[in-house]
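Enquirer: This is the structure I want to talk about, given as structure tokens.
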Amino acid sequence: MKRLNINKLIPALFLLLSAFVVGFIAPDVLASHGDLRSVTSSLQLLPQRLETLLVQAQVEKENEPLPIIETYSAVLEQLKADYYGQGNIDERRLTYSAIRGMLSALNDPFTRFLDPDEYKSMREENEGNFTGIGAQLDTNKNGEVYVKEPLPDTPAMRAGVKANDVIVSVDDKPIKNLDIEQVVKMIRGPAGTKVKLGIRRTGVPRIIYKVITRQVVQFRMVKYQMLDSKDGIGYIRLYQFNEQCDTQFDQALTQLEKQNLKGLILDLRGNPGGLLQAAVDIGSRFIPSGPVVVIQERGGQKNPIYVKEEKHNHKRYPLVVLVDKHSASASEIVSGAIKDTGVGTLVGTRTFGKGRVQTIMPLQDGSAVAITTAKYLTPNGTDIHKKGIEPDVKVEPPDTFEVGDLKTDVQLARSIQVLKVKMGLLPNSVLDELKKAAQAGSTQSSSTTSSERAAKPN
Amino acid sequence: MHVTNNSPPSASAQNRALTEPYAHGNRLLIDTSRERGIIELAGQVIPAVFVTINGMRNYRALTFILLITAFFATGYAARIATIAHERSAIRQFSPSPVRTPGVPVATTHLESAGNIDLGPLEVMLTVLRSLREHFVDPITPSDEGRMAREALRAMLASLQDPNTRFLDPDQLKLVSEAMRGQYHGIGAFLAIKKIKAGNIQEEHLILVTPIDDGPAAKAGLRAGDDIVAIDGRDVLPLDPFQRASEVIKEERKKAIDKDVLRKHIESETKRIEEGIPILKAERMLTSEDDKELELTVVRKGTPQPIKVKVKTEAFFVQPVSWKLTDNDQLGYIRLGCFTDRTPDELESAVYGLKSKGAKGIILDLRNTAAGNLETVLSAAKVFIPGRVFAIEHKSRNRKVPIRVEQYPRDRVWNGPMVVLVNSGTARMAEALAVALKDNIAAKIVGEPSYGDPSSVTLMELRDGSGIAMTTGKLVPLRSPDYHGKGLHPDILVASNAQRDEQLNEATKLLRSMTRSLVSTQSGT
């Protein structure tokens with residue numbers, strides 16, 4: 001048998017490779033008419049050209065769809081060189097549009113691009129704090145921006161800003177005709193800086209000026225209330241799932257326990273979701289054991305996320321969860337787990353139906369892209385995507401109502417009844433009647449409109 | 001090759017010998033004196049080869065040389081293939097052959113290659129890589145093709161230039177069919193125009209030009225009609241929520257009654273849900289055939305929207321027709337559209353008129369639109385051969401004079417001319433009118449034209465889709481720039497539904513022009 005001599009093989013291979021390279025650059029050398037520069041540039045381009053060759057062979061197999069990056073950069077170059085129309089060629093804007101277009105082709109509204117501004121405000125939401133003065137603003141009937149509520153323990157509260165104060169100027173600039181978003185932008189700023197607000201207050205003849213130092217303010221994610229101190233019916237509303245919400249929820253529960261809590265209503269209406277981790281934390285508080293949610297990875301592999309035992313630091317109470325068509329994502333993880341495990345009763349309307357997990361990937365220039373990377377299933381394996389979760393007791397909301405107002409908030413009133421049945425304070429027949437009424441009413445209930453679906457961000 | 005044993009030197013024997021020389025003991029002896037010659041030859045080319053193979057068995061050296069040659073050939077072939085690929089890539093993004101003569105696209109590529117900002121490209125690449133690696137459903141090649149198209153569509157749309165856009169393969173096909181004189185849909189050139197009303201600026205679907213004998217023209221649709229609804233469904237702008245949110249904001253300012261606001265929101269939602277996106281509407285009207293549609297159009301000077309029934313169909317257009325008035329020997333040429341046949345037909349029309357002794361020509365360019373530059377430059381040769389048609393202003397401050405094709409002098413029309421225009425005279429037709437005015441003092445009669453002298457380049461991509469892009473603006477040689485304003489006629493005559501006043505006025509003018517010509521001729 002022949003033996004390969006490594007000492008000879010290496011130079012031999014080297015020579016073969018050189019022969020290939022020489023062959024590859026030969027056409028350029030022949031065409032260069034002795035110009036050395038073209039030979040060197042030909043050598044430099046060798047790797048790219050070989051790559052093109054490989055890509056080309058692949059592309060031809062795939063029936064030639066357009067290669068994204070090549071087409072995009074070629075068209076961009078073409079625009080930069082020859083475009084002669086209205087509007088400037090702003091590469092960044094063009095690229096952002098191209099990325100948005102590219103993502104739209106995937107037909108998944110949750111896979112989306114976030115420009116630097118959008119990404120920043122999303123981070124603020126998820127972290128649960130921002131730098132500002134901590135006043136919740138709204139627009140009144142006359143189109144003026146007013147303080148709906150100064151949040152407790154914030155610069156606004158300490159400076160003496162009161163509910164219903166109308167803001168007329170920010171840093172001495174009148175804000176008439178400005179959108180509320182623009183006003184919010186003006187009031188916010190880096191921590192430690194000052195902002196001067198001009199305020200009109202009913203009963204005070206002149207404009208009040210307040211100079212307020214901006215600070216890091218936590219979003220209040222949780223609102224709680226003892227609805228019925230006799231029967232111990234507590235109410236916790238969760239606005240969003242972020243890094244702060246579990247701590248705030250824990251505190252709220254502790255406060256309610258001090259007021260003799262016996263049964264709990266968790267309000268997830270209008271909660272668009274948020275962080276997966278926060279959903280697992282909150283879910284763990286109610287689910288005794290097993291998975292809170294099952295993540296189905298790309299490729300089909302199922303990874304259950306189990307209950308966190310350390311979240312079982314409170315007693316368990318009879319539970320009613322309020323949901324509506326805006327309860328989405330993380331809200332559906334929590335309500336789906338509660339429904340599947342039977343630890344609580346869902347009241348309200350069918351939930352939004354978003355069973356996909358997004359991963360936010362930051363990009364080089366401060367923008368980011370949210371990509372749907374996995375599906376999730378409720379503990380018993382249901383995919384609720386585009387289907388939503390049906391409540392146990394269906395209650396349609398009236399056209400106009402004030403959340404938390406027992407006179408107009410029919411869903412809340414019903415959920416108190418349901419809770420009382422669960423606590424043994426009302427007979428079971430009440431629940432049966434409610435269910436019957438819901439069935440009769442469900443025929444005329446309307447489904448969510450497409451515009452509402454499209455508007456839901458998370 | 002010379003082999004000392006008795007077996008014939010067949011290819012298969014040689015093959016076996018090359019692969020397993022010792023295995024069966026049939027050792028081959030090679031006539032070294034002959035082979036050495038080859039080796040020495042190779043050694044002269046690459047001395048290193050010689051050094052290496054000296055230590056080898058001779059037949060191995062031969063194998064090796066064959067391999068070297070094979071690798072060299074493979075490398076050569078590979079490079080030839082990449083050259084072909086690079087050429088086709090350049091062709092892909094170069095203008096279709098009908099474009100402006102002159103500046104080839106490849107050079108402009110190189111000119112701008114120095115200042116490429118890699119930032120945005122990297123961002124795009126990262127997004128794509130992340131999608132490929134992480135998106136919940138694995139991305140297929142056809143997904144990627146669609147993504148590329150949507151990326152281009154969104155990128156070009158963000159420029160908000162109605163002439164710069166992505167074209168799907170079927171839309172690109174319409175362009176080439178129109179070049180052959182075949183039209184589809186309602187038979188009209190449409191444009192998407194931004195119109196500001198109050199606080200909002202929305203895209204409208206404007207009928208620029210009804211094509212001769214097309215369904216739109218037969219149904220009485222006119223140039224400038226704003227198509228607001230199809231079959232009772234509103235044509236929606238690119239961002240339909242802009243209006244809705246504006247309405248809601250306005251209502252909220254004065255809102256006293258929540259019910260009124262809710263009704264507004266409901267009606268807006270309904271309008272948007274039932275409406276047709278403007279790009280889809282454009283497509284319905286230009287590509288779909290054999291459908292009866294009811295269009296609601298808003299026409300200037302008519303207070304109420306007009307409803308018009310029109311049937312979409314595929315039809316061919318006669319690009320040129322002509323006649324000679326009996327009494328005063330005046331020629332009339334109707335140029336309905338610019339197709340491949342237009343230059344030839346215009347040539348024979350002028351030849352016909354000349355041979356019948358026409359004294360003057362009225363060129364009717366009312367409701368004549370589109371066309372590409374090459375066709376017009378060829379068509380114009382019977383009137384202004386070799387002259388400057390217009391100055392094309394291009395990016396990076398380039399100004400390129402564009403010349404009309406040459407044509408034998410004796411066949412050129414050199415009599416007086418009057419050109420008829422109206423608001424449906426668009427693009428190349430306007431450019432032709434003003435070129436005739438600037439070069440041979442043709443008179444322009446009618447209404448101001450559409451006013452879009454953009455020159456648009458079409459590029460075909462390898463998957464059959466395409467890109468239209470504004471690459472320049474045609475500026476008249478002497479007349480003022482008419483961009484956005486429309487070409488102003490020498491004699492302004494409004495259109496009249498009963499009688500063709502514009503044609504009457506043009507005839508009168510031409511008659512006086514021929515007389516003055518006769519008088520100056522007789523005077524000399």
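Enquirer: Quickly work out the A:Asn88-to-B:Lys193 label distance, labels modelled 7 Å from Cα along the C-beta direction, and quote it in nm with one decimal.
Expert: 2.8
Enquirer: Once you sort the root eigenvalues of the Cα gyration tensor of the stretch B:415-488 as a ≥ b ≥ c, which label holds: rounded (a/c under 1.5), prolate (a/b larger than b/c) or oblate (the other case)?
Expert: Prolate, because a/c is 1.5 or more and a/b exceeds b/c.
Enquirer: Roughly how many debye, to the nearest 20, is the charge dipole of the stretch B:369-505 about its Cα centre, given +1 on each Lys and Arg Cβ, -1 on each Asp and Glu Cβ, and no other charges?
Expert: It comes to approximately 600 debye.
Enquirer: I would also like to ask the following. On a C-alpha basis, how far is the centre of the stretch B:120-196 from the centre of the stretch A:79-140 in Å? Whole number, if you could?
Expert: 20
Enquirer: Another question, then. Using a basic spin-label model with each label point 7 Å from the Cα along Cα→Cβ, how many nm lie between A:Asp228 and B:Ser130?
Expert: 4.8
Enquirer: Rg(Cα) of the stretch B:285-335 divided by 2.2 N^0.38 Å?
Expert: For the stretch B:285-335, the normalised Cα radius of gyration comes out at 1.83.
Enquirer: For the stretch A:222-455, take every pair of Cα atoms, bin their distances at 5 Å starting from 0, and report each bin as a whole percent.
Expert: 1, 7, 14, 19, 20, 17, 11, 7, 3, 1, 0, 0, 0
Enquirer: Another one. Size of the stretch A:95-141 along its principal axes in angstrom, Cα-based, largest extent first?
Expert: Computed over the stretch A:95-141, the largest-to-smallest principal extents equal 40, 30, 19 Å.
Enquirer: Still on this structure, I have one more. Rounded if a/c is under 1.5, else prolate if a/b is larger than b/c, else oblate: which is the stretch A:270-347, with a ≥ b ≥ c the root eigenvalues of its Cα gyration tensor?
Expert: Note, shape of the stretch A:270-347 comes out oblate.
Enquirer: Report the semi-axes of the equivalent ellipsoid for the stretch B:318-523 in whole Å, largest first, where each axis is √(5λ) for an eigenvalue λ of the Cα gyration tensor.
Expert: So the three semi-axes of the stretch B:318-523 are 29, 18, 17 Å.
Enquirer: Related question: From the C-alpha coordinates alone, can you work out the Kirkwood hydrodynamic radius of the stretch A:214-308, in Å?
Expert: Here the Kirkwood hydrodynamic radius works out to 14.7 Å.
Enquirer: What pairs in A:Lys223/A:Lys354; A:Lys162/A:Lys420; A:Lys315/A:Lys420; B:Lys359/B:Lys399; A:Lys210/A:Lys325 have C-alpha atoms more than 29 Å from each other?
Expert: Those over the limit are A:Lys162/A:Lys420; B:Lys359/B:Lys399; A:Lys210/A:Lys325.
Enquirer: Estimate the FRET efficiency between B:Lys508 and B:Gln304 by the formula 1/(1 + (r/R0)^6), using the beta-carbon distance for r and 35 Å for R0, to the nearest 0.05.
Expert: 0.45
Enquirer: Can you list residues from other chains, or at least 5 along the same chain, whose modelled amide H is less than 5 Å from the amide H of B:Gly371?
Expert: Long-range HN contacts for B:Gly371: B:Phe338.
Enquirer: Given the options B:Thr296, B:Phe338, B:Ala358, identify the residue whose Cα lies farthest towards the positive end of the charge dipole of the stretch B:293-358 (+1 on Cβ of Lys, Arg; -1 on Cβ of Asp, Glu).
Expert: Sorting the options by dipole projection puts first B:Thr296.
Enquirer: Here is a further query. How big is the dipole moment of the stretch A:222-455 about its Cα centre under a simple scheme where the beta carbon of each Lys and Arg is +1, that of each Asp and Glu is -1, and everything else is neutral? Debye, nearest 20, please.
Expert: For this selection, approximately 420 debye.
Enquirer: If I model a spin label at B:Asp410 and A:Glu257 as a point 7 Å from the Cα along the Cα→Cβ vector, what separation in nanometres do I get?
Expert: Using points 7 Å along Cα→Cβ, the separation is 11.1 nm.
Enquirer: Here's another thing I want to ask about it. So if I average 1/r over every pair of distinct C-alpha atoms in the stretch A:129-218 and take the inverse, what Kirkwood radius in Å does that give?
Expert: Mean inverse Cα-Cα distance, inverted, gives 12.8 Å.
Enquirer: With charges only on Cβ, +1 for K and R and -1 for D and E, what is the dipole size of the stretch A:129-218 about its Cα centre, in debye, rounded to 20?
Expert: Rounded to the nearest 20 debye, it is 280 debye.
Enquirer: Compute the Kirkwood hydrodynamic radius of the stretch B:182-315, taking the inverse of the mean of 1/r over all pairs of distinct Cα atoms, and give it in Å to one decimal.
Expert: After inverting the pairwise mean of 1/r, the radius is 15.8 Å.
Enquirer: Also: Is the stretch B:398-441 rounded, prolate or oblate when judged by the Cα gyration tensor, a ≥ b ≥ c being the square roots of its eigenvalues, rounded requiring a/c under 1.5 and prolate requiring a/b larger than b/c?
Expert: Oblate, because a/c is 1.5 or more while a/b does not exceed b/c.
Enquirer: Moving to a separate point now. Could you pull out every residue, at least 5 positions away or on a different chain, whose amide H is within less than 5 Å of the one on B:Ser455? Hs are placed 1.01 Å off N in the peptide plane, and Pro or chain starts have none.
Expert: Result for B:Ser455 returns B:Thr471, B:Gly472, B:Lys473, B:Leu474.
Enquirer: Turning to a different aspect of this structure: Between A:Asn428 and A:Asn380, how high is the FRET efficiency from 1/(1 + (r/R0)^6) when r is the Cβ-Cβ distance and R₀ = 22 Å? Nearest 0.05.
Expert: For R0 = 22 Å, the calculated efficiency reads 0.30.
Enquirer: Take the Cα atoms of chain A, find their three principal axes, and give me the spread along each one in whole Å, biggest first.
Expert: So the three principal-axis extents are 98, 69, 46 Å.
Each reported figure results from applying straightforward, stated rules to the coordinates on display, with no laboratory input. Bear in mind the structure is a predicted one, so any value in this text is a computation, not a measurement. Ideal geometry is used to build each Cβ from the backbone, glycine not excepted, and the neighbour counts take in all protein chains shown.
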